[in-house]
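Every read-out reported here was derived from the displayed coordinates using simple, explicitly stated rules and does not represent laboratory data. Note that the coordinates shown come from a computational prediction; the quantities given were computed from them, not determined experimentally. Cβ placement follows ideal geometry from the backbone for every residue including glycine, while neighbour counts extend to all protein chains displayed.
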Amino acid sequence: MSNILVTGGAGFIGSNLCEFLVSEGHNVTCLDNFSTGHISNIQNLIINHKDRFHLIEGDIRNLEICKRATTGVDFVFHEAAIGSVPRSIDNPILTNEVNIGGFLNMLVAARCCGVKRFIFAASSSTYGDNTSIPKVENIIGKPLSPYALTKYVDELYAEMFSNLYGLEYIGLRYFNVFGKRQDPDSAYAAVIPLFIKQFLKGENPIVNGDGSYSRDFTYIDNVIKMNVLAMETEDQCAVNQIYNTACGEQTTIRDLITIIKEELGKRQLLPKNVEENYGPVRKGDIAHSQASIEKAKKFLSYEPDTYIVEGIKKTIDWFVLN
């Protein structure tokens, strides 16, 4: 049993991580300012696990709050961020303040409080204009958005703190995570919850581009597994590293829509005459993304448990029941 801090713990990924860690018997503190997270995501933990779950409402841009949340903590899972390419293009100053300034505050807090390991959400956007497929951790390109730039700076800061202060870290470059609790109502909603919501309501979703762009869509359970492996590893060769967190597959947006419509159709939940429409390519988007997961397999013994079709089934089940 460990004392664990999850920043952004009321968000999509953070709340799933909190839920799993509490179920495994750990003492978990959630730090969130609810700018993008929701209290409903952690309501069950607040009500039913008061002995092992503690909420601190606060902002990672406040160093003193970061230090208070990190006191007595063994492991930090840093999930808090302004996590959207379009949002970062609309508001680069806020993205920089949270994703770099807040990240630095958390590193300082972790160092001051003697945290054993700092595990953080990196991003596949770091690969930027590098067109090689699959994406390999040690080969990146130029960032294409403020969000991508901030996430790369975070990796550099983590490495620097390891070199200067001996702080152990593991960075996980997430590839298009989806699953339960992902918000479909945000102005910057990811495509999978947005498409599912729109199809269920009989709306025609708009696709950015012609649908040929591809992504390595990664179900949330795979991401939780990677985070836990990053915490539990005792192999010193595995720490102070960056890992792709994905399935190692490519799915085009057209194929994604087909999978969603087929699954909704099986449940008789797809209204008649709903069809996707195609619009302009979104600024800052890369054309194709697929991860190499060989490094994660080698050092963390990682294998994805849930691939795209099964993940879509589970996601639709959650949306229908909630």
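Annotations
- Note on segment 141-164: residues that are touching an Asp or Glu at 6+ places or on another chain (Cβ under 9 Å), crowded, with 18+ Cβ neighbours inside 10 Å and free of Cβ contacts under 8 Å to residues at least 60 places away in the same chain amount to 1.
- Between SER2, SER40, SER35, the distinction of being under 17 Å from ILE119 (Cβ atoms) and hydroxyl-bearing (Ser, Thr, Tyr) belongs to SER2 only.
- Segment 217-269, subset more than 27 Å from ILE140 (Cα to Cα) and assigned to a loop (DSSP other than H, G, I, E, B), residue farthest from the chain's Cα centre (by Cα): GLN268
- Check on ILE170, buried (at least 20 other Cβ atoms within 10 Å of the Cβ), among the hydrophobic types (A, V, I, L, M, F, W, C) and over 21 Å from MET106 (Cα atoms): no
- Yes/no for GLU137 being within 21 Å of ILE293 (Cα to Cα) and not small (Gly, Ala, Ser): yes
- Pick from segment 1-23, criterion out of contact with any strand residue (DSSP E or B) (no Cβ under 6 Å at 6 or more places or on another chain) and without any contact (Cβ under 8 Å) to a residue 40 or more places away in the chain, ranking: surrounded by the most Cβ atoms within 10 Å (Cβ to Cβ): GLU19
- Condition check for GLY114 on (1) assigned to a loop (DSSP other than H, G, I, E, B); (2) touching a residue at least 24 places away in the same chain (Cβ under 8 Å): one failure, at (2).
- The residues listed here are THR95, THR131; of these, the one that is assigned to a helix (DSSP H, G or I) and in contact (Cβ under 8 Å) with a residue 12 or more places away in the chain is THR95.
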